Amino acid sequence: MSHIASQHPAPEHFILHVSDTHFVGDGDLLHERIDSDKNLAELFDGFTKANARPEAIVFTGDLADTGRPDAYERLRAIVEPAAEKLGAQVIWVMGNHDERVAFRRGLLDEEADQSEPVDRVYDVNGLRIIALDSTVPGQHHGEISDEQLAWLRRELEVPAPDGTLIALHHPPVPSPIGLIALVELRDQERLAEVIRGTDVRGILGGHLHYSTTSTFAGVPVSVASATCYTQDLAVAYPGARGQDGGQSYNLVHVYGDRVLHSVVPIGQFPTVYEMTPEMLEAFMNMTPDEQLAAVNASAGE
């Protein structure tokens with residue numbers, strides 16, 4: 001294809017970031033309204049139509065709304081065939097709605113009745129992804145214990161070839177929602193002390209049910225919205241309102257000198273214009289006037 005070369009090279013890694021699926025009992029609706037299974041299936045139905053091939057799919061917690069074993073079974077039944085088709089590794093992260101024993105059995109195929117935090121390290125073709133369990137059993141806020149921080153410090157002593165992403169449920173960011181003090185990650189500075197000066201290039205979070213970005217200890221933080229329902233941020237402070245709309249997921253492209261996070265809404269929307277790969281190849285060889293005419297024609301003008 002003849003075209004002007006981009007100023008940026010191709011990304012070194014591509015990750016799909018999904019959060020807060022909140023699967024409930026089979027046939028049930030979350031809050032008597034939300035079909036969590038349908039929303040996630042719709043996400044993959046839409047995504048697999050593209051020619052994008054992520055190396056990994058990271059789920060940042062609250063996978064089952066009440067930790068039900070059957071919810072994890074249905075989650076895997078949707079995710080694993082899609083991941084296999086995409087050639088992607090699946091990385092599960094604990095959320096405060098998840099239950100550690102059921103999580104281990106249902107998603108990690110571990111039979112032991114272990115209630116310790118579910119912390120794991122994954123190698124994604126040279127990119128290290130650390131799944132960090134920020135949950136406190138029976139609570140909505142997050143904490144990371146002294147033992148976890150010591151473990152994380154040891155893991156980060158040796159840099160990974162392409163750096164590290166940390167994935168956890170409770171993002172270490174401020175928030176405009178009024179109830180954040182009840183649900184946020186506590187003692188965040190202790191985590192910051194461990195991360196500063198390491199090869200951590202990004203932090204992936206969930207929990208908030210809306211997309212947002214910030215920085216923490218000099219590291220970019222990206223929060224993926226929920227696939228079940230989202231938080232309405234245009235409410236009278238300090239109120240809260242969950243809404244059935246705006247569900248989305250994130251694309252994470254890792255470049256040599258930066259990490260790019262893109263928000264993708266779930267669902268189908270009216271087409272304004274569309275260019276197939278074949279049309280784009282011809283488009284790049286047109287003059288500016290011819291390009292404008294082609295866009296107008298594709299929009300039906």
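Translational D (Stokes-Einstein, µm²/s) of the range 94-218 at 25 °C and 0.890 mPa s when Rh comes from the Kirkwood sum over C-alpha pairs?
The Stokes-Einstein estimate is 161 µm²/s.
Helix-only estimate, please: 222 nm mean residue ellipticity of the chain, summing -39500 (n - 2.57) across DSSP H runs of length 4 or more and dividing by its residues, to the nearest 500.
Mean residue ellipticity at 222 nm (helix-derived): -8000 deg cm²/dmol.
Considering only C-alpha atoms, what is the centroid distance from the range 173-197 to the range 206-255, in Å?
Taking the Cα centre of each part, the range 173-197 and the range 206-255 sit 15 Å apart.
Can you tell me the FRET efficiency between residue 111 and residue 70 if r is taken as the Cβ-Cβ distance and R0 is 30 Å, rounded to the nearest 0.05?
My answer for the efficiency is 0.95.
Would you kindly give the portion of the calculated P(r) for the chain that falls above 32 Å, as a percent of all Cα pairs?
Values: 13338 of 45150 pairs.
The answer is 30 percent, as a whole percent.
Using the basic label-point model (7 angstrom from Cα toward the beta carbon), what is the residue 282 to residue 189 distance in nanometres?
6.3
Ranking request for peptides 47-55, 127-135: highest mean number of other beta-carbon atoms within 10 Å first, then the rest in descending order.
Those peptides, ordered most packed to least, come out 127-135, 47-55.
Roughly how many nanometres apart are two label points built 7 Å out from the Cα toward the Cβ at residue 255 and residue 84?
The modelled label-to-label distance comes out at 3.6 nm.
What list of whole percents do you get for P(r) of the range 24-113, with Cα-Cα distances grouped in 5 Å bins up to the one holding the largest distance?
3, 13, 24, 24, 19, 11, 5, 1, 0
In Å and on Cα atoms, what radius of gyration and Dmax does the range 165-301 show?
20.2, 58
Under 10 Å, Cα contacts only: if you run a Gaussian network model on the chain, which one of 246, 267, 206 comes out with the highest mean-square fluctuation?
For the chain, modelled as a Gaussian network with Cα springs under 10 Å, the answer is 267.
Top mean-square fluctuation among 220, 159, 171, Gaussian network model of the chain, C-alpha springs under 10 Å?
Looking only at 220, 159, 171, the largest GNM fluctuation is found for 159.
What length, rounded to one decimal in nm, is gained on full extension from residue 150 through to residue 5, with 0.36 nm per residue of separation minus their alpha-carbon distance?
Full extension from residue 150 to residue 5 adds 47.7 nm.
In the range 233-284, which GluC sites (Glu not before Pro) are in a loop and have at most 14 other Cβ atoms within 10 Å, using DSSP for the loop call?
Those that pass, being in a loop and sparsely packed, are 274.
Go from 0 up to the bin containing the longest alpha carbon distance in the range 185-229, width 10 Å each, and give me the % of pairs per bin.
27, 49, 21, 3
Every number here is computed from the coordinates shown, using simple stated rules; none is lab data. Predicted model, so just to flag it, every value in this text is computed and none were measured. We place every Cβ from the backbone using ideal geometry, glycine too, and count neighbours over all the protein chains shown.
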